[in-house]
Amino acid sequence: MSNTEYQNLSPRDRIIKAHISIMRSKEFCMFAGVLSVGDVLVADTHKGNPIKTACTDGRDVTYNPEFVDSLSHKQLVFVVLHETIHKVYQHMKLWRNLFKENPQLANQAADYIVNDAIVIADPNHNVASFPTSVPPLWDVKYRGMSTKQVFDKLKQSNPQGNTLDDHDWEGAEEMSKEVADATEKAIDQAIRQGEMIRSKNKGNKSALATEFTKPKVNWREQLREFVKSACATKDLTSWRKPSRRFLSQDIYMPSMIGESINSLVVAVDTSGSIGSKELKAFLSEVMGVCNEVNPSTLELLYWGSEVVRHETYTIGQYDSLTQTTKPADGGGTTVGCVREYIQDKKIIPEAIIILTDGYVESDWGGTWSHPTLWAITSDEVSPHGKSIHIKENEYA
């Protein structure tokens, strides 16, 4: 198509042409299905609010027609991909708390992540190129970071800069749970179908698509595996209680007895982000594991900016854990208070399990002297110990 023919297309037709280019490209064909999730609108307002370029709430996308007309085809493909990958990452849903803290920096952090994903997939700009009228935020130094990590870096420098698009965080928050859940499911299915299309058409492998199509590991299994490996029962033999297995054969052999392990510390973030549903599911799983490995005590700590409640359970009491525990509001989120509390109280745990949303201080509480498992309700990853992720649809 000549430049003249392209210029004669309407903004909507240009967007359709951009969609077709994405579907046919080896670089981005795996996102073809996501393009059809939600509505595509052409207007200078999004839900009554004026927009200069484009805007998404994680489901629907609105494009300003004048902005669309100002772009070359490759530049428009970049913008469409930008909105699509925001949807794939679920930025408007997962990082709502960052927007509430600092909207400008949250928008910038999300854009850095999205733009780098496009550059990684198409480094030579064969399919998509940066718009020159609104230069996208992009810096290789943020590669490999999460949105939260980029946000924290930006907080240190407080940069000034415009994002490529608008992010309708409020619209995402106002979305009903039914619509939000259906959107998440549709995007997940679209990505998996897109990966099959990519494989069939011999398209390029995308790290982003791989991240979202890899099998989900059950957090309950990971929790049990960690506790059992870190707190393995010390087996001893005893002649005082002969093995029943051999008595029927008139053979007198010692039985195996389990020696109780040391304390197990479970520390729960009660800064307000951990709801009762996930807390109950988590503690129920901890209770079951304790009944298997029999720690001498379970030290249950509730914390925020400091440890605000300490409950101790012993062998025989683990079954009542979820009924008797009384969570206490901890205020802020400073996980280092848990490590300091353990040291001050001279607790010597076999292992430490921390339930948190992951929005803690940058060093995650410093150096932990005991095997530590982080059960995290966000996508954050601790630099210490082992991290597992408890997703919202996995609580029940």
### Message
Anything in segment 7-33 that is aliphatic (A, V, I, L, M), in a helix (DSSP H, G or I) and farther than 16 Å from ASP122 by Cα? List them, or say none.
### Response
ILE15, ILE16, ILE20
### Residue match in segment 230-247 (condition: in a helix (DSSP H, G or I), modelled with pLDDT of 55 or more and surrounded by 15 or more Cβ atoms within 10 Å (Cβ to Cβ))
yes
### Query
Which one of these does LEU301 not meet: (1) within 18 Å of GLY366 (Cβ to Cβ); (2) outside any strand (DSSP E or B)?
(2)
#### Entry: Residue satisfying all of: in segment 282-303; in contact with a Lys or Arg (Cβ under 9 Å, 6 or more places away or on another chain) and buried (at least 18 other Cβ atoms within 10 Å of the Cβ); nearest to ASN97 (Cα to Cα) among these
TRP303
### Task
Those residues that are surrounded by 22 or more Cβ atoms within 10 Å (Cβ to Cβ) and among the small types (Gly, Ala, Ser), I need them from segment 118-171; list them, please.
ALA121, ALA128
### Message
Looking at segment 77-91, can you tell me whether even one residue there is within 25 Å of ASP181 (Cβ to Cβ) and surrounded by fewer than 20 Cβ atoms within 10 Å (Cβ to Cβ)?
### Response
yes
### Message
Being touching a helix residue (DSSP H, G or I) at 6+ places or on another chain (Cβ under 8 Å), closer than 14 Å to PRO131 by Cα and crowded, with 19+ Cβ neighbours inside 10 Å is the requirement here; does ASN115 meet it?
### Response
yes
### Message
Against the definition (among the basic types (Lys, Arg) and assigned to a helix (DSSP H, G or I)), how does LYS52 come out, yes or no?
### Response
no
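The values are calculated or read from the model by the stated rules, or taken from the named source; none is laboratory data. Just so we're clear, the structure is a prediction, and the values are computed from it rather than from any experiment. Please note: Cβ atoms are built from the backbone with ideal geometry, for glycine as well, and neighbour counts cover all protein chains shown.
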